[in-house]
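J.: For reference, the structure I am asking about is given below.
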Amino acid sequence: MPGKGGVALVTGASRGLGAVIARRLGADGHTVAVNYHSGEDDARRVAAGVRDAGGSAEAFEGDVTDEAATAALVARVADRLGPVGVLVLNATGPQPKVAFEDLTWDTHLDQLRFFVKSPTLLLQAALPGMRALGGGRVIQIGSDITDRALPGMSAYIAAKAAQYELTRAWARELGPYGVTVNLVAPGFIPVERHAGIGPEELAAYRDRVPLGRMGTPEDVAGAVSYLASAGAAFVTGQRVVVNGGHTVGTL
């Protein structure tokens, strides 16, 4: 049965931030579509965890950078669970450090596929259902890296900056349909893929955070939960930075 909060599709939700966001939305009463492209067992565990906690969730495979696969994913979710009312655009790929001298157009395309192409395809597929519902919530997962200008990360930074500008443009364009579009920009939030980072590097980062601790996936999920809630019905086109104040002023 659908949850009282409607259907939420979370992309890249088999692990990391996506898994925690999926669990939080399930706890909030949403029926959660847990998307994965690899890691089927992990995605099924996330969905099972939501159900074990009293919620409703299913796992759905789909490459969210592929036109046909994206349309099919949203159609399968709608067929099994109902139209998507909350779309959380979290899926990401590798983010290698590439020096300017080695930068190629393909380096840019690798990032744009996840942060420009994928959100466009997913929202185009989900929009008819949102319009039929009388509105919807689109929540992009961005990054505070656009404020940090780290050397070697220009392709990733450019794609993340574009993602935010899409958020602003879509908020204006889709507002008349009752669709809000916002972006959550986490700072450095350690998850499974950061397992190789040493304690010294973590401590150096933490020392520059005014709140004096590392952020957690639950911090990010809390911001997503708010933007998906009735309390955020009049919030759109916004960028919510979740980094403990790391980029406030000059640190």
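The values are calculated or read from the model by the stated rules, or taken from the named source; none is laboratory data. Not measured: the values here are computed from a predicted model. Because the Cβ atoms are built from the backbone with ideal geometry, glycine has one as well, and the counts that use them run over all protein chains shown. Ligands, DNA and RNA are excluded from the accessible area calculation, which covers all protein heavy atoms including side chains. Shrake-Rupley method; radii C 1.70, N 1.55, O 1.52, S 1.80 Å.
J.: Quick one: A158 ticks every box in (1) part of a helix (DSSP H, G or I); (2) open to solvent by less than 30 Å² (accessible area, probe 1.4 Å); (3) within 25 Å of L122 (Cα to Cα) bar one, so which box is it?
T.: (2)
J.: Can you tell me which residue among Y177, Y164 is open to solvent by 40 Å² or more (accessible area, probe 1.4 Å), modelled with pLDDT of 95 or more and in contact with a strand residue (DSSP E or B) (Cβ under 6 Å, 6 or more places away or on another chain)?
T.: On the way: Y177 fails: in contact with a strand residue (DSSP E or B) (Cβ under 6 Å, 6 or more places away or on another chain).
The unique qualifying residue is Y164.
J.: Name every residue in region 90-139 that is touching a residue at least 40 places away in the same chain (Cβ under 8 Å), in a loop (DSSP other than H, G, I, E, B) and more than 15 Å from the chain's Cα centre (by Cα), in order of residue number.
T.: Q95, K97, V98, A99, L103, G134, G135
J.: Then there is this: Please determine, by comparing only the residues of region 128-142 that are aliphatic (A, V, I, L, M) and in contact with a strand residue (DSSP E or B) (Cβ under 7 Å, 6 or more places away or on another chain), which one is most open to solvent (accessible area, probe 1.4 Å).
T.: Narrowing region 128-142 to residues aliphatic (A, V, I, L, M): 130, 132-133, 138-139, 141.
With the extra rule that they be in contact with a strand residue (DSSP E or B) (Cβ under 7 Å, 6 or more places away or on another chain), the set shrinks to 130, 133, 138-139, 141.
Working: M130: 0, L133: 97, V138: 1, I139: 1, I141: 10 Å².
Here the answer is L133.
J.: Name the single residue that is most open to solvent (accessible area, probe 1.4 Å) among those in region 198-221 being part of a loop (DSSP other than H, G, I, E, B) and in contact with a helix residue (DSSP H, G or I) (Cβ under 9 Å, 6 or more places away or on another chain).
T.: Applying the filter and picking the extreme gives R213.
J.: How about region 1-83: which helices (runs of 4 or more DSSP H) wholly inside it have at least 3 residues that are open to solvent by 30 Å² or more (accessible area, probe 1.4 Å), touching a residue at least 12 places away in the same chain (Cβ under 8 Å) and of a type in the set (S, T, Y)?
T.: Passing ranges: none, list empty.
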